[in-house]
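Quick notes on the structure that follows.
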Amino acid sequence: MGISRVFDISRRSLATYQKAIDISSHNIANASNPNYTRQRARISTEIPEKTAQFIWGTGVKLDNIDRVKDGLIEAQLINNSQSYSRHNKESILLGQVEQLFSEPSNLGISNLLTNFMNSWNELSVTPNSVSLRNNVIFNAQNLADKVKNVNTDLGTIKYDVFHEFKEQTDRVNTLLSEINEFNKQIFSFKASTSSPNDLLDERDALINELSGMVNIKVNYDQNNMASVSIGGVFAVDGSFANTFEAQVVNNKLTLVSANNPNPIDLSGGELYSLSDVYSNKISEYQSGIDSIFNKLVEKVNALHESGYSLNDSTQTGIKFFTSYSGGELEINSSIISDPTLISVSSDGTSGNGEIARQISEISNESVLNGQTLLENYASLVSKIGNEKLTNEKLAEANKMVVDNLEMQKASISSVSIDEEMTEIIKFQRSFDASAKLIQIANNMLEQIMGLI
Amino acid sequence: MNKVKLIKILEEQKRNLVELVEVSSRKQKAIVVNNRLALEELNHKEEIVLNKLERKEVERINQILILSNETGLDIQEVNVKTIKDFYRVLRANSSTEVYEQIESLRDETKKLITEAGMINKQNNLLVNQAGSLIKQMVSVLFKSQNKPLLDRKA
């Protein structure tokens with residue numbers, strides 16, 4: 001082997017190891033970057049040269065710079081992030097819904113409905129008392145105000161949910177466009193032997209963010225291009241980024257692709273929760289309240305209409321509630337201005353409070369779904385609480401899985417400066433030993449050669 | 001009888017040198033691919049081979065002294081000059097067949113030493129480069145840590 005060849009090997013090896021240092025420096029510089037994936041130089045031997053007698057090694061070359069990552073963990077992380085985001089968001093939204101019912105408290109519908117029923121009971125004992133009649137009206141107004149507030153607040157939450165859904169859809173479109181741009185840049189490296197690891201990291205971070213917002217499936221082709229679909233509908237690849245918009249179709253809030261009018265099947269991520277709360281949960285709770293108050297109006301009015309008022313010209317057939325619609329419980333305005341129109345006498349005689357007694361008894365009757373009105377309401381509130389709790393528990397469970405996966409990912413892909421240092425020191429010791437042995441071997445070989 | 005023994009020693013030494021060449025070649029690969037565990041294992045093997053080489057060389061020198069006495073050469077010490085005298089006298093006192101066998105083994109030994117020397121030279125370059133790499137790396141790591149290595153008290 002000529003000395004020039006030795007220097008050539010030396011030059012190439014030095015360049016290779018210099019590159020390895022650069023990679024380590026890059027790793028260390030990104031040690032605190034959560035989106036960064038540790039990189040590793042893949043080094044191999046150059047193809048050896050054959051001479052008449054020997055096969056000479058020709059040194060070392062840098063094959064590629066690999067990203068140290070586990071594809072299976074990444075895929076699991078995407079799936080579990082979708083699930084975690086979905087349950088976490090839903091538990092937050094249901095928490096807001098639960099709060100506006102103010103149960104259990106003096107200000108809740110449950111207590112106000114009980115007060116309303118009790119006021120009828122008190123009136124049945126002293127039917128001619130105007131103050132007790134005013135008390136019935138006062139309690140009815142309190143109840144009507146609370147029902148209206150609950151319905152208005154549910155409407156506000158629904159409105160906010162819709163706008164958040166729209167904002168998140170805009171963010172989804174932005175992320176898809178950015179992923180498309182990264183795909184294009186990554187594709188431009190196709191001809192190069194090295195892979196654009198930092199661009200891949202940036203794109204992975206975008207895909208992770210997207211997975212928290214909506215259910216996605218990701219596939220990678222041989223050129224490292226990511227192809228993403230949302231609920232089975234094409235979203236982005238290297239050549240095109242689809243756009244989506246929020247639409248209400250048949251009272252259901254959903255995503256619709258710009259080039260396909262069919263609603264997307266949402267099953268994960270925050271968008272699913274927003275859609276579910278908007279389309280199903282709030283409507284279901286409103287419908288539950290409506291059933292209770294429609295029944296209350298129906299039962300109270302039926303009894304009240306059969307009773308007789310207290311005023312000079314005894315009247316009958318008067319409705320206590322004018323209507324209940326869209327969360328508004330309207331009390332007969334004539335009664336509000338003249339409490340003597342409250343019809344509590346069953347036969348028109350003064351001092352008869354039979355109708356008031358019967359109205360107060362409504363609270364003990366199973367008038368809806370085999371339950372009393374209060375029981376129906378308690379079931380509704382308990383259902384909201386349970387659904388919130390279930391989502392909270394599922395979110396906690398998913399969070400544990402996500403945290404565990406993040407830890408596993410970190411143990412593989414994160415940079416540990418201490419680890420790099422320890423590894424280097426181990427190398428140093430091995431190289432020192434090698435250098436000494438080479439020296440000993442050279443001395444011995446020289447000695448043998450001299451005396452052979 | 002003692003010439004046969006010398007042949008035997010040369011053959012054994014040749015086998016040791018073949019082993020050294022093999023270990024050194026594998027070591028080169030281990031250095032190149034940064035396989036530290038393989039490198040440590042090969043360092044250990046090389047140490048064993050070098051010990052065997054040393055013992056066999058002592059045996060060979062002793063055998064040369066014995067043979068030189070037998071042939072009437074009064075060699076007190078084997079060196080570059082006396083070894084030449086030894087082989088000249090050995091040639092005169094040996095059959096062509098035996099001497100050619102010894103010569104052949106000497107030639108093969110020289111070739112193996114040359115090969116082992118070349119591989120060692122390459123390994124030396126690689127180890128030196130690796131050493132400088134480590135120095136740079138440690139320097140980078142210290143700069144990035146920006147805190148004492150041993151005193152980690154926050």
query: For B:Glu54, all conditions in the list (1) at pLDDT 90 or above; (2) facing another protein chain (nearest Cβ under 9 Å); (3) open to solvent by less than 30 Å² (accessible area, probe 1.4 Å) hold save one; what is the number of the exception?
result: (3)
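This table checks each residue for (1) closer than 16 Å to A:Leu176 by Cα; (2) at pLDDT 95 or above; (3) open to solvent by less than 40 Å² (accessible area, probe 1.4 Å); (4) part of a strand (DSSP E or B).
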| site | (1), (2), (3), (4) |
| --- | --- |
| A:Ser211 | yes, no, yes, no |
| A:Val218 | yes, no, yes, yes |
| A:Val248 | no, no, no, yes |
| A:Pro261 | no, no, no, yes |
| A:Leu266 | no, no, yes, no |
query: Is there a residue being at pLDDT 75 or above and open to solvent by less than 60 Å² (accessible area, probe 1.4 Å) anywhere in region A:38-51?
result: yes
query: Among the residues of region B:28-41, which ones are of a type outside the set (A, V, I, L, M), in a helix (DSSP H, G or I) and within 7 Å of another protein chain (Cβ to nearest Cβ)?
result: B:Gln28, B:Lys29, B:Arg36, B:Glu40
statement: Out of (1) of a type outside the set (Gly, Ala, Ser); (2) more than 9 Å from every other protein chain (Cβ to nearest Cβ); (3) within 14 Å of the chain's Cα centre (by Cα), the one B:Lys3 does not meet is (3)
- prompt: Residues of region A:220-233 being free of Cβ contacts under 8 Å to residues at least 12 places away in the same chain and in a strand (DSSP E or B), which ones?
  reply: A:Tyr220, A:Ser227
statement: Within region B:139-153, restricting to residues that are at pLDDT 65 or above and crowded, with 16+ Cβ neighbours inside 10 Å, the one that is farthest from A:Asp22 (Cα to Cα) is B:Leu141
message: Just checking, does region B:61-71 include any residue being facing another protein chain (nearest Cβ under 8 Å) and assigned to a helix (DSSP H, G or I)?
response: yes
statement: Condition set open to solvent by 70 Å² or more (accessible area, probe 1.4 Å), among the polar types (S, T, N, Q) and not in a loop (DSSP other than H, G, I, E, B), scope region A:307-364, selection modelled with the lowest pLDDT: answer is A:Thr316
task: Using the structure shown, decide if B:Val49 is aliphatic (A, V, I, L, M), within 12 Å of chain A (Cβ to nearest Cβ) and open to solvent by 10 Å² or more (accessible area, probe 1.4 Å).
output: no
task: Output the qualifying pairs, or none if there are none: Cβ atoms under 7 angstrom, residues six or more apart or on different chains, first residue in region A:160-181 and within 17 Å of A:Gly231 (Cβ to Cβ), second residue part of a helix (DSSP H, G or I) and polar (S, T, N, Q).
output: A:Phe165/A:Ser275
task: Quickly run through region A:109-133 and pick out the residues that are in contact (Cβ under 8 Å) with a residue 40 or more places away in the chain and either assigned to a loop (DSSP other than H, G, I, E, B) or among the aromatic types (Phe, Trp, Tyr) (or both).
output: A:Trp120, A:Thr126, A:Pro127, A:Asn128
query: within 51 Å of the chain's Cα centre (by Cα) and either closer than 17 Å to A:Leu123 by Cα or touching a residue at least 60 places away in the same chain (Cβ under 8 Å) (or both) - does that describe any residue in region A:304-316?
result: yes
message: Need the failing condition index for A:Thr193 against (1) among the polar types (S, T, N, Q); (2) at pLDDT below 95; (3) under 24 Å from the mean Cα position of the chain (by Cα), just the number.
response: (3)
- prompt: Could you say whether any residue in region A:156-179 is more than 27 Å from A:Leu405 (Cβ to Cβ), among the aliphatic types (A, V, I, L, M) and touching a strand residue (DSSP E or B) at 6+ places or on another chain (Cβ under 7 Å)?
  reply: no
task: Assess whether B:Tyr99 counts as being assigned to a helix (DSSP H, G or I) and touching a Lys or Arg at 6+ places or on another chain (Cβ under 7 Å).
output: yes
statement: Of the residues in region B:87-110, those that are of a type in the set (D, E, K, R), over 19 Å from B:Glu70 (Cα atoms) and more than 8 Å from chain A (Cβ to nearest Cβ) come to B:Glu97, B:Glu100, B:Glu103, B:Asp107, B:Glu108
task: Go through A:Val172, A:Val136, A:Val161, A:Val150 for me and flag whichever is assigned to a helix (DSSP H, G or I), at pLDDT below 95 and not basic (Lys, Arg).
output: A:Val150
message: Quick check on region B:72-86: of everything there that is of a type outside the set (A, V, I, L, M, F, W, C) and more than 12 Å from chain A (Cβ to nearest Cβ), which residue is farthest from A:Met444 (Cα to Cα)?
response: B:Gly72
query: In region A:270-303, which residues are within 21 Å of the chain's Cα centre (by Cα) and among the polar types (S, T, N, Q)?
result: A:Ser273, A:Ser275, A:Ser279, A:Asn280, A:Ser283
message: Exactly one of these conditions fails for B:Leu20: (1) at pLDDT 90 or above; (2) under 30 Å from B:Lys84 (Cα atoms); (3) surrounded by fewer than 21 Cβ atoms within 10 Å (Cβ to Cβ). Give me its number.
response: (3)
- request: Return yes when A:Ile425 is assigned to a helix (DSSP H, G or I), in contact (Cβ under 8 Å) with a residue 40 or more places away in the chain and either open to solvent by 70 Å² or more (accessible area, probe 1.4 Å) or touching a helix residue (DSSP H, G or I) at 6+ places or on another chain (Cβ under 7 Å) (or both) and no when it is not.
  value: no
task: Give the residue that is most open to solvent (accessible area, probe 1.4 Å), with candidates limited to residues of region A:435-446 that are at the interface with chain B (Cβ under 7 Å from one of its Cβ atoms) and closer than 21 Å to B:Ile83 by Cα.
output: A:Asn442
Failed item, numbered, when B:His44 is tested on (1) under 30 Å from B:Ser132 (Cα atoms); (2) surrounded by 20 or more Cβ atoms within 10 Å (Cβ to Cβ); (3) out of contact with any Lys or Arg (no Cβ under 9 Å at 6 or more places or on another chain): (2)
Residue selected from region A:80-122 under the condition within 30 Å of A:Gly212 (Cβ to Cβ) and among the β-branched types (Val, Ile, Thr), by the criterion most open to solvent (accessible area, probe 1.4 Å): A:Ile92
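The values are calculated or read from the model by the stated rules, or taken from the named source; none is laboratory data. All values reported here derive from a predicted model rather than from experimental measurement. With ideal geometry, Cβ positions are generated from the backbone for all residues, glycine too; neighbour counts draw on all protein chains shown. Accessible surface is based on the protein model in full, side chains and every heavy atom, while ligands, DNA and RNA are left aside. Shrake-Rupley method; radii C 1.70, N 1.55, O 1.52, S 1.80 Å.
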